[in-house]
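Here's the structure we're looking at; comments come further down.
The values are calculated or read from the model by the stated rules, or taken from the named source; none is laboratory data. These numbers were taken from a predicted model, which means no experiment stands behind them. All Cβ positions, even for glycine, are placed from backbone atoms using ideal geometry, and neighbour counts span all protein chains on display.
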Amino acid sequence: MAEWLLALDVGTTSCKAAALTPTGQLLASAVAGYPVQRPMPGWVEQNPDDWWNAARTAVRRVTEDPAVRTGRLCAVGLSGMATTHVIVDSAGRVLRPAILWQDIRAVEEAAELAGTFGSPAPEDLFGASIPMTASVQASRMLWLAKHEPETLSLAAAIIGSKDYLAYRLTGELSTDITSCLGLANLKTGEIHRKVAAATGVDPGLFPRRLAPREVAGEVSRQAAGELGLPHGIPVASGMIDSWCNMLGVGLDRPGMGWDTAGTAEVVGVTSARPPSGGPPKGLSALPFVTGVAVVYGVTQSGCDSFEWFTQAFGEAETAQAGSRGTTAYRLLDELAATSPPGARGLLFLPYLSGERSPVFDPHAAGVFMGIRREHTRADFTRAVLEGVAFSVRHVLEASESITGLTADRILVSSGGAKSCFWNQVKADVTGRVFATLAVTDAGSVGAAMLAALACGHMSTYGEAVATMVHVRETLDPRSADHEVYTDLFDTYKLLHPRLKELFPRLRRATENVPDRGRKEPR
Amino acid sequence: MMTLGVDAGTTACKAVLLDDHARIVAEAEHPHDLVNLHPGWAEEDPEDWWRGAVATARQVLAGQDPSGVRAVGISGMVPALVLLDGNGNPIRRSIQQNDARAVDEIRFCKGRLPEDDLFRRTGATWNQQVIPPKLQWIRRHEPEAWRKTHRICGSYEHLTQRLSGAIYTEANWALESGMWDALEETWLAPVLDIVDLPPGALSPVRRAHEIVGEVTGRAAQETGLRAGTRVVAGSADHIAAALAAGLAAEGEAVLKFGGAGDFLYAVDGFRPLREMFIDYHDLPGLFVINGCMATSGSLVKWFRDQFHAGVSYADLDLAAASIPPGSDGLVLLPYFLGEKTPLHDPEARGTVLGLTLSHTPAHIYRAILEGVAFAFRHHVEVLEAAGHPVARFYMMDGGARSALWRQITASVLGREVCHLEGGHAGSAYGVAFVAGVAAGLWPWERVRDQVRIAGVTQPDAAAVSVYAETYAIYRETYRRLQDLYPKMRREHVVRA
C-alpha cells in the first residue's frame, strides 16, 4: 500500500490540504475557502472555526481522490499564516476573531514598543533582529491589553493559525517558535520578562513551544471521525507558512534566491550566516537550518494586488472563467500580454496594505502613476503585475546587498507561480532566471517534509530536500525587456521616498469622515 | 428676423439660426478631421471648415426666407495660424492653437525677447499657443511657404473673408497671438522683428460685434444666404461660449464640465495672469480670464469605457455617492492628457494616490470627480491670489447634470455653486447672439434670457474640511512627481 503524507495549510483566503508521497510527488490537493472580515480600516480578521470547517472539507476531498484513498497515511504536517493570533479560553473556545497578519490596528502600540525597545528590537529580546511592527505578537498583545482587557481576562492560551488546527486535530494546545515571532526569543524559545512586562500579558498564556518537526500530538478519535482519517496519526507541529515554504523550496546552501509568490510575497537570498549587526529595517535575517541563514523581505501585497485588481476590475474575466475552463487570473494574464512591457508608461506601486520590505512603511499606499487617457484595462492589468515584479526586484536587491551574494536563479513558488506570464515578467524585471517547482505550492512540500521527519521517514533536512524537491521549468530573462524595466524601475524606486509623507496625511484627512454612508442628493 | 451663427470647431462645424427673440430656430452639425501628421502636431484644412460652414448654413436655412437673416457671425478656434497668398488663398493647412511642434522656436523667441517683457505688454507667455514660434518654424522648415506668405490670420477671420471679402483680424486673435500690445492697442514691433514679419502681413483689428462686410454674391450662392447680408467680425469660440453661458458681469466665473474643463472669469480690465489666458469679452468693457483643463468629463467617459462598459453615469454616481468625501483616502490627479492651465505642463500625467485593498471602482470614480473639482479649485486659487475674487460660480455642461459632481464641486470650492440649464448650443449660439446685437435685434443684456439657473448647491461643512486637506495633498503630489512624469514614456526604445 502506497504511503502518503498530509500537508495542511491555513492561508489568508483558504485552507489547503495536500497529499504527497515521501518522494515529493503531489497526489492530490484541495482547497476550501473562507471569508476575511475588514470591520474597520486597517483591521483584518477571520473566524478560526471557518479554518477548521474548511480543513474538514479539503481533507475529505483529498482522501476521496483515487490516488490517495488506497494509500496509508503516515503523518500530518502543518503550516499557517504568520503573526496571526487566536485567543482561546480554558475550554478551547475561540474568544474573538483571529487577528490576521495584514491587520495594522496596532500601529500605535508598535510605535510605543519601538520607543521602549527600539526597532528593530535588539537580538537579546527576540533572538534575532526583528522590526517592531503592527503585526508582531508583542504589538498585538499590547493592543489587546489596552482595548480588550476583558478578552484577555478570559483567555487560556494565545496561539498561531496552524496551532489552532493542531489543537482541533489532537486536542492539545501547543505552538512553535516561528509562530511567536516578535514575542519569544527565537534562539531560546523563552519570552523575555521585559517584553512580557511591557505588553502586560501573562506569559502563562503561551503554551509549550515545540520544534517544527516535533510531534504536537496524535489525531484524536473525534477529529479522525470528522476528517475521515485514521486516528493515532502523528501531527508535526509545523511552522509559519513563509518558513514552511522555504523548506519546500529546498533552501539548503548559501546563494540561493527564492520568491514565494503568495498573498504577500517573500523574497530573499540565503547566506552562510546572518549578517552581523542585523539587517536594515524592513528586512529579516534569521538562522534557518544548519549552515544556512535566510535574508529576506516581504512585499505585503503580492498576489493580493492581483487579487484586488481581479475583484475590482476583472468582472468580465471572472464571469467567463468557468465556461472557458480556466481562471479569471489566466484570462487577465492574456489581457495583460496585449500591453507591451512597461504598460505604455503606466506604473503601479503595490503598497495596498502598507509595505514591509524594503521601505518598511505601514502607512504607505498604492499608486498608479503615469496614467494617460489612451491607457486601457489591459495596460492597468499589466501595470499591476509589473508593479509587483518591481517590488520583488526591490526586495531581492536589498536582500542581496546585505549578504554580498547574488542569486542567479530564483525559485518561484506558491499561487503567483502558476502564472507563466507573471514569472516571465519577473524574470525580465529582475534579469534573473526564474525556476518553477514540480509542486507549485512549496509550502505543502515543506509541511510534508516536517511530517516525514516527524514520523521518522527521514532524519535530516538535506535528505528531505534531495528526496522531495524538484525543479520543473526555467525561464530566462530577455535582455531588451530588462532594459525597459530597469528604466522604469529607477522611477519606481523614487515614488515612495517622494510620497511617503503624503500617505499618512491622506489617511488622517479622510478617516472618520462624519457623513460616511450618507447618500448625497441626486 | 433672424441671425445666423457658425462655429468652426476642432472636430465639426455647427450652425445655429436664431429668431428675433434669440431663440434657436434650427441647428446643424457637420464633422471634419483634425490632421495629425506627427505626434504633437495639430493641423486642419481651412477648406474643411468652409465646406462645413456651407453645409450647416444651408441646412439651417432650408425652408427659411434668407432675407430674414439680418446678420451672420462665425466663431472658431483661436489663435489658429492661416497663411494666405496674394489672392487671399491658404498656402498650407492651418496650424492649430494646440500644435506643439515649435519647441526649439519657443526657445529661440525667449532668447530674443524675455518672457517678462512679452507678458507685461501682451499678457501672453512664450508657450506653444502663441504665433511667433510657429512663424519661425515655417521660416526654418518651409521657406517656400514663408516666401509666398502675403498675410496671416486666424480661423474665423479666414472664413469671414471668404464669406464677405473683409480683411481684418479679430481682437482675440491679436491678443492671443502674443504680438498685440494690449495697453497701446497696437502690434508690438519687437515681437514682429523676431520673425521679420512685415507689418503689412497683419490686418486691422476689429472687435467681435463690429460689422466688417456683407455676404458676396458668390458666397451667397454657395451658402444660401442673401447677398448683402451683414457679417460681423466673429468671435473666439470659448468667448462666444462664455457669452452663451451668460457670463456677463465682473466677478462671475463659469465652470464648464464638458469633455475638457473650461474656466471663464469676467473682469473689467486687462489684468493678465501668467498661469491662465486673457481675452477680450465679446461684451464690450469686459475681459475674460480663462483656463482650459485638458480633461474633465472625458475622464468619466474613459473610466466607464475601460472599466464599466454599459453602466449608466447615474448608476456610477449612485455608487460613488455612498462613499464619503475624500474617497476613503484617494487623491487623483486628472492630468491624463497632460495639463494646460494653470500648470502648462504637457508632460504631466494622471496619478491615483492612496490605494488600499478596500478601495473599489466606485472609490476611483469618486476620486475622478473630486480630482476634476480640485483642478477647478486650482484655477480659483490662482485667480484669487492675484486679487480677483469670484463672486458667483456657474457650473454647466455635461458634468453639471450630476448632482453628486455639483455637491463635490461646491464642497471642494467651499462656495455656493449655481448650475445652469440651457446654454449648451455654445459658441455658435454666442456668435449668432453677437450678430443679433450688431444688427440691432436685441441688446447685450438679453444674453441671460436663454440660460436659467436650475439650482443652487451649498457646500457641506464636513466635506469642506476634508477637501481642504486632500486638495493640499493633490497640489503637493504634483509638485513631488512633476519631474518624474517626463520619464513615463509611451514607447520604450528597445536597444538591440
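Which one of B:362, B:403, B:367 is surrounded by fewer than 24 Cβ atoms within 10 Å (Cβ to Cβ), under 25 Å from residue A:308 (Cβ atoms) and within 14 Å of chain A (Cβ to nearest Cβ)?
On the way: B:403 fails: under 25 Å from residue A:308 (Cβ atoms); B:367 fails: surrounded by fewer than 24 Cβ atoms within 10 Å (Cβ to Cβ).
Matching residue, one of B:362, B:403, B:367: B:362.
Give the stretch A:394-406 a look and list any residue that's over 16 Å from residue A:364 (Cβ atoms) and crowded, with 23+ Cβ neighbours inside 10 Å, or say none. Break it down stepwise before answering.
Narrowing the stretch A:394-406 to residues over 16 Å from residue A:364 (Cβ atoms): A:396-397, A:399-406.
If the condition is that a residue be over 16 Å from residue A:364 (Cβ atoms) and crowded, with 23+ Cβ neighbours inside 10 Å, then A:396, A:399, A:403 are the ones that fit.
Give, as residue ranges, the helices (runs of 4 or more DSSP H) completely inside the stretch A:427-513 that count at least 3 residues that are of a type in the set (D, E, K, R) and free of Cβ contacts under 8 Å to residues at least 60 places away in the same chain. The qualifying helices (runs of 4 or more DSSP H) are A:479-499.
Given the options A:26, A:100, name the one that is over 17 Å from the mean Cα position of the chain (by Cα) and either of a type in the set (A, V, I, L, M, F, W, C) or closer than 21 Å to residue A:215 by Cβ (or both). Before the answer, list the steps.
Details: A:100 fails: over 17 Å from the mean Cα position of the chain (by Cα).
Going through A:26, A:100 in turn, just one is over 17 Å from the mean Cα position of the chain (by Cα) and either of a type in the set (A, V, I, L, M, F, W, C) or closer than 21 Å to residue A:215 by Cβ (or both): A:26.
Listed by position, the helices (runs of 4 or more DSSP H) inside the stretch A:287-386 whose residues that are among the charged types (D, E, K, R) and out of contact with any His (no Cβ under 9 Å at 6 or more places or on another chain) number at least 3 are A:328-336. Scanning the stretch A:247-271 for residues that are over 17 Å from residue A:431 (Cα atoms), in a strand (DSSP E or B) and not small (Gly, Ala, Ser) yields a total of 4.
Within the stretch B:342-359, the residues that satisfy the criterion of being crowded, with 24+ Cβ neighbours inside 10 Å, of a type outside the set (A, V, I, L, M, F, W, C) and under 26 Å from residue B:385 (Cβ atoms) are B:349, B:350, B:351. Out of all the residues in the stretch A:190-206, is one or more small (Gly, Ala, Ser), outside any helix (DSSP H, G or I) and at negative phi? No: the stretch A:190-206 contains no residue that is small (Gly, Ala, Ser), outside any helix (DSSP H, G or I) and at negative phi.
Here's the yes/no breakdown for (1) in the same structural domain as residue A:108 (by TED's automatic domain parsing); (2) farther than 23 Å from residue A:466 by Cα:
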{"position": "A:211", "(1), (2)": "yes, no"}
{"position": "A:214", "(1), (2)": "yes, no"}
{"position": "A:224", "(1), (2)": "yes, yes"}
{"position": "A:232", "(1), (2)": "yes, yes"}
{"position": "A:256", "(1), (2)": "no, no"}
{"position": "A:264", "(1), (2)": "no, yes"}
{"position": "A:277", "(1), (2)": "no, yes"}
{"position": "A:282", "(1), (2)": "no, yes"}
{"position": "A:291", "(1), (2)": "no, no"}
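Could you tell me whether any residue of the stretch A:92-101 is under 19 Å from residue A:180 (Cβ atoms), within 14 Å of chain B (Cβ to nearest Cβ) and at pLDDT 95 or above? Yes, the conditions are met somewhere in the stretch A:92-101.
Among residues of the stretch A:349-378 that are free of Cβ contacts under 8 Å to residues at least 40 places away in the same chain and at the interface with another protein chain (Cβ under 10 Å from one of its Cβ atoms), those with a beta-carbon under 7 Å from a residue that is part of a loop (DSSP other than H, G, I, E, B) and among the hydroxyl-bearing types (Ser, Thr, Tyr) at least six positions away or on a different chain give the pairs A:373/B:295. Listed conditions (1) within 14 Å of chain A (Cβ to nearest Cβ); (2) farther than 24 Å from residue A:349 by Cβ; (3) surrounded by fewer than 24 Cβ atoms within 10 Å (Cβ to Cβ) are all met by residue B:267, apart from (1). What are the residues in the stretch A:379-394 that are charged (D, E, K, R) and more than 10 Å from chain B (Cβ to nearest Cβ), if any? Scanning the stretch A:379-394 gives A:382, A:386, A:393.
Being at pLDDT below 95, more than 26 Å from the chain's Cα centre (by Cα) and within 9 Å of chain B (Cβ to nearest Cβ) is a property that residue A:518 has. Going by the conditions given, is residue B:130 buried (at least 22 other Cβ atoms within 10 Å of the Cβ), in a loop (DSSP other than H, G, I, E, B) and on the phi < 0 side of the Ramachandran plot? Yes: the conditions hold for residue B:130.
Please tell me if residue A:437 is under 27 Å from the mean Cα position of the chain (by Cα) and away from chain B (no Cβ under 14 Å).
Working: under 27 Å from the mean Cα position of the chain (by Cα): yes; away from chain B (no Cβ under 14 Å): yes.
When the stated conditions are applied, residue A:437 passes them.
Would you be able to say whether some residue in the stretch A:64-78 is within 14 Å of another protein chain (Cβ to nearest Cβ) and either part of a strand (DSSP E or B) or among the small types (Gly, Ala, Ser) (or both)? No, the conditions are met nowhere in the stretch A:64-78.
Being in contact with an Asp or Glu (Cβ under 9 Å, 6 or more places away or on another chain) and either at positive phi or without any contact (Cβ under 8 Å) to a residue 60 or more places away in the chain (or both) is the filter here; which residues of the stretch A:221-240 pass it? So that I can check it myself, show each step before the final result.
Residues of the stretch A:221-240 that are in contact with an Asp or Glu (Cβ under 9 Å, 6 or more places away or on another chain), as a first pass: A:228, A:231-240.
Of everything in the stretch A:221-240, those that are in contact with an Asp or Glu (Cβ under 9 Å, 6 or more places away or on another chain) and either at positive phi or without any contact (Cβ under 8 Å) to a residue 60 or more places away in the chain (or both) turn out to be A:228, A:231, A:232, A:238.
Evaluate the following for residue A:12: is it of a type outside the set (Phe, Trp, Tyr), part of a loop (DSSP other than H, G, I, E, B) and in contact with a Phe, Trp or Tyr (Cβ under 9 Å, 6 or more places away or on another chain)? Criteria met by residue A:12.
Is one or more of the residues making up the stretch B:239-255 in a helix (DSSP H, G or I), in contact with a helix residue (DSSP H, G or I) (Cβ under 6 Å, 6 or more places away or on another chain) and surrounded by fewer than 24 Cβ atoms within 10 Å (Cβ to Cβ)? The answer is no, given that none of the residues of the stretch B:239-255 is in a helix (DSSP H, G or I), in contact with a helix residue (DSSP H, G or I) (Cβ under 6 Å, 6 or more places away or on another chain) and surrounded by fewer than 24 Cβ atoms within 10 Å (Cβ to Cβ). Residues that are at the interface with chain A (Cβ under 8 Å from one of its Cβ atoms), surrounded by 18 or more Cβ atoms within 10 Å (Cβ to Cβ) and in a helix (DSSP H, G or I) within the stretch B:302-331 comprise B:302, B:307, B:317, B:321, listed in sequence order.
Restricted to strands (runs of 3 or more DSSP E) entirely inside the stretch B:1-81, those with at least 3 residues that are crowded, with 24+ Cβ neighbours inside 10 Å are B:2-8, B:12-18, B:69-76.
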